[in-house]
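What follows is one structure encoded as C-alpha cells, with my remarks underneath.
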Amino acid sequence: MRIVRYRLGDQVGRGAVVGDLVHELPDGNDTPGRAVGTLSEVTLLAPCEPRVIVCAGSNYADQIAEKGRPWPQQPSLFLKAPNAITGPNAEVLRPPEVRRLEYEGELAVVIGHTARNVRADRFADVVLGYTCANDVTADDWRADGQWTRAKSADTFCPLGPWIETEVPDPSALRITTRLAGEVVQRGSVADMVFGIGELLAFVTRWITLEPGDVLLTGSPAGVGPMVPGDVVEVEISGVGALRNVVADRA
C-alpha cells in the first residue's frame, strides 16, 4: 500500500494511492475508503508527521572512501528537528546566509509500532514502510560546528511522495539522486555499513521511537551543492520518487 497525506481544498487527510486515485484512509484503518481525487487533483504533503527524526551519518562505504573518513565502529547519529519536514514538490528554501547548500538522497524508514530495544533481526516488526528523503544540509554551518542549524532549518527534510508498505527486501533497494536531470548519486541499500536492523537496534537502546517517527539511513557518495532554481529528485526503486525545487528564502 502507498500511504499519503494530502490536501484537497481546505481538507487535509490521510489516504492510500490506488492506481492514479487517492482514497480516504482514516487513522487506524488499513482498508482504503472512497476516492477523493486523482494524484493531479490533490496536493501531496509529507507522508508522516514525525516527532523524532534520527539520522545516520557516514553509513555508505563509497561515501566513507570518497570523504577519506575512518571506518565507523558504531553508527554515527544526529537529529533533524520536525520543523525541517516538507513534502514532495515543495520548495527547499536556502537561507540567505548559507553559501553552500547540499543534497543528500536517502532511504527513510517510517516507524509503525512503538520501537524500544528492537532486535536487529526483528526490525520489520516495528516498520510501517519506506519513503524517499533529502537530508538537506547547510555545509558551511556544519563546517563551523553548528550541526543543529545546518540540518534543521525549515524545509531541510523533504519526505515523500508516499510511504510504501510492501517492500519484501529493503536491502535490494537502489537510490538515485538527480540534480537538474543529471544523475549525481547512485547507491544500493546493500552497501550500507550498518543495515536497517542494526541501526534500529542501536537507536532504540536509548531512544524510543513511536509510530510516524523517521530514521534516515545515510547517503551514498556524490553529495554536492544545489542552488536556487535547481530541481532535485531522489528516486528509490520500488518506493517512489521525491521531487523538490530549491529557492531563496526571503
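Heavy-atom accessible surface of His23, to the nearest 10 Å², is about 30 Å², with a 1.4 Å probe and all protein chains retained.
Rounded to two decimals, what is the ratio between the C-alpha radius of gyration of segment 38-113 and 2.2 N^0.38 Å?
Compactness ratio reported: 1.39.
Note on segment 51-126 and segment 168-198: Cα centroid distance 12 Å, given to the nearest whole angstrom. Here the Karplus relation 6.51 cos²θ - 1.76 cosθ + 1.60, evaluated at θ = phi - 60°, turns the backbone of segment 202-207 into coupling constants of 5, 4, 7, 5, 10, 10 Hz, with x for every Gly and Pro.
Given R0 = 35 Å, the distance between the Cβ atoms of Asp248 and Thr114 translates into a calculated FRET efficiency of 0.30. Mean residue ellipticity at 222 nm, helices only, the chain: -2500 deg cm²/dmol; runs of at least 4 DSSP H residues each add -39,500 (n - 2.57), and the sum is divided by the number of residues. Based on alpha-carbon atoms, the Kirkwood radius and the radius of gyration of segment 71-164 give Rg/Rh equal to 1.02. A rounded overall shape is assigned to segment 42-199, the ratio a/c of its alpha-carbon gyration tensor axes (a ≥ b ≥ c) being less than 1.5. Considering only the Cα atoms of segment 1-131, their convex hull presents on average a projected area of 11.3 nm².
Among beta bridges identified by DSSP and lying wholly in segment 73-187, the antiparallel ones come to about 90 percent. Probing with 1.4 Å while keeping every protein chain in the model, the per residue accessible area of the chain equals 44 Å².
Under 11 Å from a label point set 7 Å out along the Cα-to-Cβ vector of Asp20, the amide N atoms of segment 32-49 belong to 38-41. For segment 190-250, the C-alpha radius of gyration sits at 1.48 times the compact-globule guess of 2.2 N^0.38 Å, with N the residue count.
Using only alpha carbons, segment 142-238 has a radius of gyration to Kirkwood radius ratio (Rg to Rh) of 0.96.
The values are calculated or read from the model by the stated rules, or taken from the named source; none is laboratory data. Computed from a predicted model, the values in this text were never measured in an experiment. Neighbour counts are summed over all protein chains in view; Cβ atoms, including those assigned to glycine, are modelled from backbone coordinates with ideal geometry. Accessible surface is based on the protein model in full, side chains and every heavy atom, while ligands, DNA and RNA are left aside. Shrake-Rupley method; radii C 1.70, N 1.55, O 1.52, S 1.80 Å.
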